[in-house]
Amino acid sequence: MIGFLTKDRKSKKIKEKQLDPKRLPKHVAIIMDGNGRWAKKRGLPRIAGHKAGVEALRDIVRACVDWGIKILTVYAFSTENWKRPEEEVNGLMNLLVEYLRRELLDLKQKGVQIRSIGRLEGLPTKAEKELIQAEKETVDNNKLILNLAINYGGRTELVDACRKIAYEVIEGKLKPEEIDEQVIKNALYTRELPDPDLLIRPSGELRISNFLLWQLAYTEFWITDIYWPDFRRGDLYQALVDYQQRERRFGGLKI
Ligand code: FPP
């Protein structure tokens, strides 16, 4: 059991909680939402919220390494986020580059492998290059996979998967009747990863926002009002404790 002191946000009481390392989710996914509202509440520009969001990410990555979570997928930039003002989009791309430059050495030392999902070729060259370089330099690490969803959209991913499968059919490598769930899984950006066990959605929104549409079919959801920049390891801990109370049946019955 992993012992940990966490603050119950409602009662403000400090409680000792226990986590069972054998029942940890292998793959945690997070929609890092609420950065803009966090900034607005403080009279700050939106980019200040995103910067604070990077600090939350640093803390959560460290917590995942400390507690033995194997895969963390975070939604950093969606295919829809291009609709935002140019200044915010550029600010987010610069934050990504800065994050990778500033954190790479530490992430390497901690055994973090960086991966990404999304249409990387649609990113500004600087961001694409930095990401490819970070992936190359961390490819042998195996403590935690930090999977960055960037220029990612669940529907775009399914479009890309359909195209890939269609080409295999045209080339005679696959018959239409051979297309099954495994073939589709293997055509997704996440083909090498298991589906997320736990999805964390901060900022109180009750939607999926085009994130991992195929992969979240049986994922447990944990939703909180906390804005992402305020989210810290104590909140992750609470999500993990709650996850361990859930009974996962995957459409079957309790044995
Ligand atoms: C959603 O909040 C958040 C984003 C669109 C960007 C998330 C990016 C980061 C946390 C930092 C950059 C990431 C890396 C990997 C360095 P929102 O802006 O929609 O918030 P709002 O709904 O309150 O407006």
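Quick note: the coordinates plus some simple rules give every number you see, no bench work behind them. What you see is a predicted model, and the numbers here were worked out from it, not measured in a lab. Quick reminder, even Gly has a Cβ in these numbers, built from the backbone with ideal geometry, and neighbours come from all protein chains shown.
Couplings 3J(HN,Hα) of the range 69-76, computed from phi: 6, 8, 9, 10, 10, 10, 8, 9 Hz, in residue order, whole Hz [Karplus 6.51 cos²θ - 1.76 cosθ + 1.60, θ = phi - 60°; x for Gly and Pro].
For the residue pairs 22/164; 22/110; 22/254; 70/254; 40/143, the alpha carbons lie more than 28 Å apart in 22/164; 40/143. A simple charge model with +1 on the Cβ of Lys and Arg, -1 on the Cβ of Asp and Glu and nothing else charged puts the dipole of the chain at about 1020 debye relative to its Cα centre. Here the contact order of the range 151-219, divided by its residue count and restricted to Cα pairs under 8 Å and six or more residues apart, works out to 43 percent. Highest mean first, the peptides 206-217, 222-233 sorted by other C-beta atoms within 10 Å per residue fall in the order 222-233, 206-217. In the range 117-247, the ratio of gyration radius to Kirkwood radius, Rg to Rh, stands at 1.01 when only Cα atoms are counted. Listed values for the range 198-212 are Karplus-derived 3J(HN,Hα) couplings in whole Hz (6.51 cos²θ - 1.76 cosθ + 1.60, θ = phi - 60°), namely 9, 10, 9, 10, x, 6, x, 6, 10, 9, 9, 6, 6, 9, 6, and x replaces Gly and Pro. Taking amide hydrogens as placed 1.01 Å from N in the peptide plane, the amide H of residue 30 sits under 5 Å from those of 73, 74, 75, 200, each at least 5 positions away in sequence or on another chain.
Considering helices alone, the calculated mean residue ellipticity of the chain at 222 nm is -13500 deg cm²/dmol, with DSSP H runs of length four and up weighted by -39500 (n - 2.57) and normalised per residue. In the chain, which whole DSSP H runs stretch at least 15 Å along their own axis (Cα) and average -1.0 or higher on the Kyte-Doolittle scale? Within the chain the helices that satisfy the rule are 46-67, 86-109, 154-170, 233-245.
Applied to the range 187-196, the Karplus parametrisation 6.51 cos²θ - 1.76 cosθ + 1.60 on θ = phi - 60° returns per-residue 3J(HN,Hα) values of 9, 7, 4, 8, 3, 8, 10, x, 5, x Hz, with x for Gly and Pro. Let me know the shape class of the chain, please: from the alpha-carbon gyration tensor, a ≥ b ≥ c as square roots of the eigenvalues, rounded when a/c is under 1.5, otherwise prolate if a/b is greater than b/c, or oblate. It is oblate, given that a/c is not under 1.5 and a/b is not larger than b/c. When the alpha carbon gyration tensor of the range 61-133 is reduced to an equivalent ellipsoid, its three semi-axes come out at 24, 14, 11 angstrom, largest first.
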